[in-house]
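Q: I am attaching a structure below and will ask some questions about it afterwards.
The values are calculated or read from the model by the stated rules, or taken from the named source; none is laboratory data. Keep in mind that this is a model prediction, so the values were computed, not measured. Backbone-built Cβ (ideal geometry, glycine too); neighbour counts: all protein chains shown.
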Amino acid sequence: MMNNLLVLPMLLPIIVGVLLIFLRTYGRIQAWISLIAMALTASISGFLLQQVQMDGIIRLDFGGWEPPFGILFVADSFAVLLVLTSSIVTAICLSYALISTSKELQTMYFYPTVLFLIAGVNGSFLTGDLFNLFVCFEVMLLSSYVLLTLGNSKRQLREAIKYVSINIVSSWFFLVALAFLYGAVGTLNMAHLADRVAEVGQTPLLTTISIVFLVVFSLKAGLLLYFWLPGSYSSPPIVTSALFGALLTKVGIYALFRVFSLIFHHQPEITHTIIGIMAALTLIGGSLGAISFNDLRSIAAYNVVVAVGFILVGLAIATPAAIEGSIYYIIHDMVAKALLFLLIGTMITLSGTSKMAGMSGLMKNYPLLGWSFFIAMLSLAGIPPLSGFIGKVLISSAAIDNGSYVLLALSLLSSIFVLYSLLRVFKNCFWGETIVSKEEQLPLRRGVLIPCLVLVGLTILIGLGTESMSPYVSGAAETLVNPSIYIDAILGKIQ
Amino acid sequence: MNINDVILKTVSKAVVLIILTFGIYLFFSGHNHPGGGFIGGLVIASAFVLMFLSYDSETVSEALPIDFKKLSGLGVLLAMSSGIAPMFLGGAFLSQSFGYFDLPIFGKTELATVTIFEAGIALTVIGVVVNIILSISEDE
């Protein structure tokens, strides 16, 4: 009975989303209902996290079909931490949408689609079956196609064509990889896969299949194959950008962590080296992109790319400390990227342009906005006591212990580039001559800063509360590093 | 331009009936044989699409006052409800059960909760397919 709760982070958004279809014309009511739904989802996942911490991995066999025959949801600390964070971030983004977006957007199925998106995201985190992961990916992607094109501007449609085609290709690759894997080992249940791959040893054939998976998930995560990302993340309405930047790449990252720590971890000299090289190139490319644009939204989008590279450095090193650092950093990045996008969106609404040249001296008129941006910048650069710090420290020290000095140098340099790119924004847009006089300035819409301030509070809280988070995160890292814990929890009963 | 579509209209009147019957047959046969909610739904949707093709959309909408967007939502709700109900009865999400009942006329009949789930899927498929076709054809 108890473990039926496990399906709710996916089920609740779907049901509420469907109900909202019947309330299409009531924009504000939809917003409030979806906010309540996400708050509920967040509290359920908080409760689940507590349960996992006390009793170990929880699983739910759909329809009572035991693994490896049925499909199941598995909650380990890693998955539930991400579900919790993404639910909270979604709730905050929804409250921003409630305050800031136009009525047209609100009544064009915006809220149901966001809820379907989060259902796909949460489902991807929780599923224990590789084919089910594909299905949840598709739920998420279909919603993201809709969200990307909602708003109907020419630029959005152009970017959407690229985004949809690249994702259809990668989904097809995903299916092919699944077919190969099923042909090779005869199962798609993750724990069963891990068990069988360990039994037969990771043969060259299986390693090749794993590299196909690596390509698929890298496309979704924006690891090296991020060419589609800056365009499509910088064209939709800002709330959508914030959701995409905070959540979508994280799902790809999660899949990489899950697959390469649970199933294909026997040949790290091949797979993890490739991941390391890809992460390094992503860091370089993302850093260069972040400092080379004058468009605020492009800068933010390239900051997403840098973070992806940084998180995957942890997987490439793959020591417990590095994995722990990555988990901290994923959580931090969800919060901080949502904050960055929302702040930039507010700046663009206020000044009517997304170019840096069109803004100056915003600090005088909107000091609160300015200091929020300042904190977001420090947090992304990894300055203590904010949330980005602990992840950077753990990954860096793990890189030193492991002798991966190139990765260490690149990840630290990338932090400087992130700091520089945002400092440039801060200097140009907030300092300098105030173009708009006090009388002519656009008033901030009432309450528009509240979601941003909540996120600022969260990033400070995560930074200061690292101590109280550490049991959960180290538990998550332990499960990732020792696949046998996961396998025993799933297959233990029948063996 | 006014093409003479008497033949199309007359034939589709008869064919729609056959397709609908076949769709419902497929839906029920899916329990133990090839078929099921998805395929049955597709076939039924094709009957609707044929109606929209041979008659204009106003005539059909008048005869069939259904909002297909809401129909698909209703389908999802129905399918989900058959998954959620067992959660309140102590089973796992999506648990199904079945039993044999003596019904008048039909005699001994197997009734399974999975049919509710399949009905939801069929409604969703009908709603989505017809909605897609209508949205494309409404292009101005």
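Okay, residues lined up against (1) in a helix (DSSP H, G or I); (2) within 21 Å of A:Ser232 (Cβ to Cβ):
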| position | (1), (2) |
| --- | --- |
| A:Leu117 | yes, yes |
| A:Val121 | yes, yes |
| A:Phe125 | yes, no |
| A:Leu133 | yes, no |
| A:Cys136 | yes, yes |
| A:Leu141 | yes, yes |
| A:Ser144 | yes, yes |
| A:Gly151 | no, yes |
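Q: Just for the range B:87-102: of the residues that are more than 9 Å from every other protein chain (Cβ to nearest Cβ) and in contact (Cβ under 8 Å) with a residue 12 or more places away in the chain, which one is farthest from A:Pro9 (Cα to Cα)?
A: B:Gly99
Q: Here are the criteria: (1) within 21 Å of the chain's Cα centre (by Cα); (2) surrounded by fewer than 24 Cβ atoms within 10 Å (Cβ to Cβ). Tell me which single one A:Leu206 does not satisfy.
A: (1)
Q: With B:Gly41, B:Gly35 as the choices, which residue is more than 30 Å from B:Asn4 (Cβ to Cβ) and not in a loop (DSSP other than H, G, I, E, B)?
A: From the options B:Gly41, B:Gly35, the qualifying one is B:Gly41.
Q: Could you tell me which of the residues B:Ser72, B:Ser54 is in contact with a Ser or Thr (Cβ under 7 Å, 6 or more places away or on another chain), facing chain A (nearest Cβ under 9 Å) and of a type in the set (Gly, Ala, Ser)?
A: Of the residues listed, the single one that is in contact with a Ser or Thr (Cβ under 7 Å, 6 or more places away or on another chain), facing chain A (nearest Cβ under 9 Å) and of a type in the set (Gly, Ala, Ser) is B:Ser72.
Q: Taking A:Phe22 and the conditions (1) surrounded by 20 or more Cβ atoms within 10 Å (Cβ to Cβ); (2) within 14 Å of chain B (Cβ to nearest Cβ), which numbered condition does it fall short on, given that it satisfies the others?
A: Looking at each condition in turn, A:Phe22 falls short on (1).
Q: If the requirement is being within 14 Å of chain B (Cβ to nearest Cβ), surrounded by fewer than 24 Cβ atoms within 10 Å (Cβ to Cβ) and of a type in the set (Gly, Ala, Ser), which of these qualifies: A:Gly27, A:Gly64, A:Gly17, A:Gly46?
A: The conditions single out A:Gly64.
Q: Is at least one residue of the range A:376-396 over 24 Å from A:Ile327 (Cβ atoms) and basic (Lys, Arg)?
A: No, the conditions are met nowhere in the range A:376-396.
Q: Residue check: is A:Phe180 more than 13 Å from the chain's Cα centre (by Cα) and closer than 23 Å to A:Val308 by Cα?
A: Here the answer is no, as A:Phe180 does not meet what is asked.
Q: Let me ask something additional. Which of the residues that make up the range B:118-137 are away from chain A (no Cβ under 11 Å) and of a type in the set (S, T, N, Q)?
A: Hits for the range B:118-137 are B:Asn131, B:Ser135, B:Ser137.
Q: Against the definition (touching a strand residue (DSSP E or B) at 6+ places or on another chain (Cβ under 9 Å) and in contact (Cβ under 8 Å) with a residue 40 or more places away in the chain), how does A:Val16 come out, yes or no?
A: For A:Val16, the condition - touching a strand residue (DSSP E or B) at 6+ places or on another chain (Cβ under 9 Å) and in contact (Cβ under 8 Å) with a residue 40 or more places away in the chain - is not met.
Q: What do you reckon, is A:Leu105 farther than 17 Å from A:Ala119 by Cβ, modelled with pLDDT of 95 or more and more than 11 Å from chain B (Cβ to nearest Cβ)?
A: No; evaluated as a whole, the condition is false for this residue.
Q: Based on this model, can you work out whether A:Pro268 counts as in contact (Cβ under 8 Å) with a residue 60 or more places away in the chain and either touching a Leu at 6+ places or on another chain (Cβ under 6 Å) or within 30 Å of A:Gly201 (Cα to Cα) (or both)?
A: no
Q: Please determine whether any residue of the range A:41-56 is farther than 14 Å from A:Val121 by Cα, out of contact with any helix residue (DSSP H, G or I) (no Cβ under 7 Å at 6 or more places or on another chain) and not in a helix (DSSP H, G or I).
A: No, because not a single residue in the range A:41-56 is farther than 14 Å from A:Val121 by Cα, out of contact with any helix residue (DSSP H, G or I) (no Cβ under 7 Å at 6 or more places or on another chain) and not in a helix (DSSP H, G or I).
Q: A further question on this structure: Limited to the range A:455-477, what total is found for residues that are under 21 Å from A:Ala91 (Cβ atoms) and either buried (at least 17 other Cβ atoms within 10 Å of the Cβ) or among the charged types (D, E, K, R) (or both)?
A: The number of residues fulfilling the criteria is 8.
Q: Given the criterion in contact with a helix residue (DSSP H, G or I) (Cβ under 9 Å, 6 or more places away or on another chain) and away from chain A (no Cβ under 14 Å), identify the matching residue among B:Thr115, B:Thr109.
A: Residue meeting the stated conditions: B:Thr115.
Q: Condition (residue is surrounded by fewer than 24 Cβ atoms within 10 Å (Cβ to Cβ) and facing chain B (nearest Cβ under 10 Å)) applied to the range A:69-87: is it met by at least one residue?
A: Yes, that holds for at least one residue.
Matching residues to (1) in contact with a Phe, Trp or Tyr (Cβ under 8 Å, 6 or more places away or on another chain); (2) surrounded by 22 or more Cβ atoms within 10 Å (Cβ to Cβ); (3) closer than 24 Å to A:Met10 by Cα:
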residue: A:Asn132; (1), (2), (3): no, no, yes
residue: A:Val139; (1), (2), (3): yes, no, yes
residue: A:Ser143; (1), (2), (3): yes, yes, yes
residue: A:Val146; (1), (2), (3): yes, no, yes
residue: A:Arg158; (1), (2), (3): no, no, no
residue: A:Val164; (1), (2), (3): yes, no, yes
residue: A:Val176; (1), (2), (3): no, no, no
residue: A:Ala184; (1), (2), (3): no, no, no
residue: A:Ala198; (1), (2), (3): no, no, no
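Q: Pull up the range B:53-98, narrow it to residues that are of a type in the set (D, E, K, R) and part of a helix (DSSP H, G or I), then point me to the one that is surrounded by the most Cβ atoms within 10 Å (Cβ to Cβ).
A: My answer is B:Lys69.
Q: Need the failing condition index for A:Ser235 against (1) closer than 26 Å to A:Ala301 by Cα; (2) in contact with a Phe, Trp or Tyr (Cβ under 7 Å, 6 or more places away or on another chain), just the number.
A: Here A:Ser235 clears every test but (2).
Q: Same structure again: Do we find a residue being touching a helix residue (DSSP H, G or I) at 6+ places or on another chain (Cβ under 7 Å) and farther than 30 Å from A:Leu11 by Cα anywhere in the range B:60-83?
A: Among the residues of the range B:60-83, at least one is touching a helix residue (DSSP H, G or I) at 6+ places or on another chain (Cβ under 7 Å) and farther than 30 Å from A:Leu11 by Cα, which makes the answer yes.
Q: Within the set of pairs 6+ apart or on separate chains, which have a first residue in the range A:233-251 that is over 17 Å from A:Gly120 (Cα atoms), a second that is in a helix (DSSP H, G or I) and of a type in the set (Asp, Glu), and C-beta atoms under 6 Å apart?
A: Matching pairs, first to second residue: A:Ser235/A:Glu159.
Q: Does the range A:462-476 hold any residues that are more than 16 Å from A:Val335 (Cβ to Cβ) and either within 21 Å of the chain's Cα centre (by Cα) or touching a residue at least 60 places away in the same chain (Cβ under 8 Å) (or both), and which are they?
A: A:Ser470, A:Pro471, A:Ser474, A:Gly475, A:Ala476
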